[in-house]
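One structure is given here, and the rest of the page talks about it.
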Amino acid sequence: MNKRLVRPTLVWLIILVILPLPLLWLLNAGLTDSFHNLLIYDLGLLAYTYWLTIVYLSTRPKWLERWLGLPKMYLVHGLLGVLRPCVGPATLPVVL
């Protein structure tokens, strides 16, 4: 496989999927609630970690810029900016 494609894919896989997994596991291991409420908590945690990623990417870290390139960082920053509001409102309909 092309090395130019594998490296960015692995970095974004780690940032967007693997980074929130320990937080999700800790949250779900410590809470006893209904499935619906746990799903809402998980979506809120995903929205929060995506927001933190957006803020971190906006600082333009030099190591990531050298490794991936600025256009790819801007692409993911923009996509997360669109995706995060789509995930966030899913946490609003909390069943009381």
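The values are calculated or read from the model by the stated rules, or taken from the named source; none is laboratory data. Not measured: the values here are computed from a predicted model. For neighbour counting, all protein chains shown are included, and Cβ atoms are generated from backbone atoms with ideal geometry for every residue, glycine included. These area figures cover heavy atoms from the full protein model, side chains too; ligands, DNA and RNA do not enter into them. Shrake-Rupley method; radii C 1.70, N 1.55, O 1.52, S 1.80 Å.
Observations, loosely collected:
- Within the shell defined by Cβ-Cβ distances under 15 Å, the residues around L13 carry a net charge of +2, with Lys and Arg each +1 and Asp and Glu each -1.
- Rough spin-label spacing in nm, given labels placed 7 Å along Cα→Cβ, for N37 and L21: 2.8 nm
- Computed extension gain for H77 through R60, at 0.36 nm per residue and net of the alpha carbon distance, reaches 5.1 nm.
- Taken per residue, the accessible surface of the stretch 14-69 reaches 66 Å², heavy atoms only and a 1.4 Å probe.
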